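Read through the structure below, which is laid out as structure tokens, and then see the notes.
What follows draws every value from the coordinates through simple rules; no lab data is involved. The structure displayed is predicted, hence computed values, not measured ones. Note that we place each Cβ from the backbone using ideal geometry, even for glycine, and neighbour counts take in every protein chain shown.
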Amino acid sequence: MTIDFASQSIPRPAHRYRLPALLSDIRLLDLLELSGTTLETSRLASVSQPTVSRRTRALTADFALVLNRRRQVGSCYGTSQAMRLLRLGCRAHRLSAGVARFGTDVLLQPLLAGRSWLLPAPPRFRNVESWLELVRQGVLDGALISGLEFQGDEPLNTNELELLPLGELPLGLAVFNGVGPTPACTLPPVLVPNRAVARGLQRGLKGLGLTLKTAGNTCQTPAQWLQRLEKARLAMPLAEQEPGDWWKPLQVLPLPRPLLLPVWLVLPAGWRQQGLLVHTAEQLLRHPGFQAMEGA
């Protein structure tokens with residue numbers, strides 16, 4: 001697939017981006033939404049945990065935001081019409097400055113690595129509707145999601161969004177060097193995300209006869225996955241793509257039978273008028289690991 005238009009915005013190094021002080025508390029709330037913890041938010045924003053808690057509590061009170069932690073879809077820390085407008089203002093400022101914030105999970109994160117104009121966003125497993133809502137609300141400017149999770153009965157709510165098919169990546173099993181099949185040619189158990197957020201992936205792996213072990217919500221970052229793999233001598237599914245630095249200690253074993261991971265890019269409606277989003281989509285579409293997506 002090709003895009004028949006040229007990007008006009010020049011990407012800028014994300015580390016040079018400076019958010020106006022007026023919008024800084026919105027950024028803290030967004031990072032809390034993306035990471036799920038004040039500890040990770042304080043690390044990303046280079047402020048103390050008490051500061052994160054105090055400032056986000058003030059926003060919650062000022063804008064009457066209702067915590068939504070029990071629901072799997074939507075903004076866990078709340079939103080409102082006014083808050084969405086503020087977040088869209090933050091997006092406009094980011095894009096005009098030549099930077100953007102894209103999100104995905106740890107399995108697809110290597111696709112975003114090395115793109116200097118992308119602001120850091122902690123990887124996290126979410127269901128598809130949650131990714132769509134984060135882009136719709138303006139918390140993210142785009143998200144990479146797995147097409148394996150599109151097999152539910154309910155149609156996706158793509159209002160104010162567009163889903164762009166990028167291609168398919170072959171899946172393999174990543175293990176620490178020295179961990180492999182047993183003498184009986186049995187592969188090690190496969191660590192997978194929480195059941196609520198990766199049902200399609202788990203169906204595919206179960207269909208190959210693999211034994212699965214659920215990681216739960218506490219296993220999100222690359223370091224947490226590596227620790228679990230090394231400690232328990234497990235495998236993890238990983239798309240065969242340009243490797244990221246974090247999984248250099250791992251080797252990739254083939255699956256018993258091929259399993260392809262369709263990758264989709266979620267973008268806000270009107271993204272073709274935003275040069276930086278066009279540029280990012282063009283770069284992702286050129287990734288050499290993608291196979292053409294059937295029917296797209």
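Relative to the longest principal axis of the Cα atoms of the chain, the long axis of helix 24-35 lies at roughly 20 degrees.
The loop-placed GluC sites (Glu not before Pro) in segment 101-177, going by DSSP, that have at most 15 neighbouring Cβ atoms within 10 Å of their Cβ come out as Glu160. Proximity of backbone amide H atoms, modeled 1.01 Å from N, is registered between Leu191 and Lys213, Ala235, Met236 at under 5 Å, excluding neighbours fewer than 5 places apart on the same chain. Neighbours of Leu234, meaning other residues whose beta-carbon lies under 13 angstrom from its beta-carbon, give a summed charge of +3 when Lys and Arg score +1 and Asp and Glu score -1. Positive-end ranking of Ser42, Leu132, Leu212 along the dipole of the chain, with charges on Cβ about the Cα centre, is headed by Ser42.
Residues in segment 207-216 carry Karplus couplings, in order, of x, 8, x, 8, 8, 10, 10, 6, 7, x Hz; the curve used is 6.51 cos²θ - 1.76 cosθ + 1.60 with θ = phi - 60°, and Gly or Pro positions show x. Note on the chain: helix-only mean residue ellipticity at 222 nm, from DSSP H runs of 4+ residues weighted -39500 (n - 2.57) and normalised by residue number, equals -9500 deg cm²/dmol. Proximity of backbone amide H atoms, modeled 1.01 Å from N, is registered between Val99 and Arg12 at under 5 Å, excluding neighbours fewer than 5 places apart on the same chain.
Residue-wise HN-Hα couplings along segment 99-109, as the Karplus relation 6.51 cos²θ - 1.76 cosθ + 1.60 with θ = phi - 60° gives them from phi, are 10, 8, 10, 10, x, 6, 9, 5, 6, 9, 4 Hz; Gly and Pro carry x.
With 5 Å bins beginning at zero, the pair-distance distribution over Cα atoms of the chain amounts to 1, 5, 12, 16, 18, 16, 14, 10, 6, 2, 1, 0, 0 %. Enter the angle in degrees (range 0 to 90, nearest 10) between the Cα long axis of helix 222-232 and the first principal axis of the Cα atoms of the chain, meaning the one along which they spread out most. Taking Cα atoms only, the helix is inclined about 30 degrees.
Rounded to the nearest 10 degrees, the angle from helix 275-285 to the longest Cα principal axis of the chain is 0 degrees.
So, by mean Cβ neighbours within 10 angstrom, what's the order for 223-230, 98-105 with the highest one leading?
Ranking the peptides 223-230, 98-105 by packing returns 98-105, 223-230.
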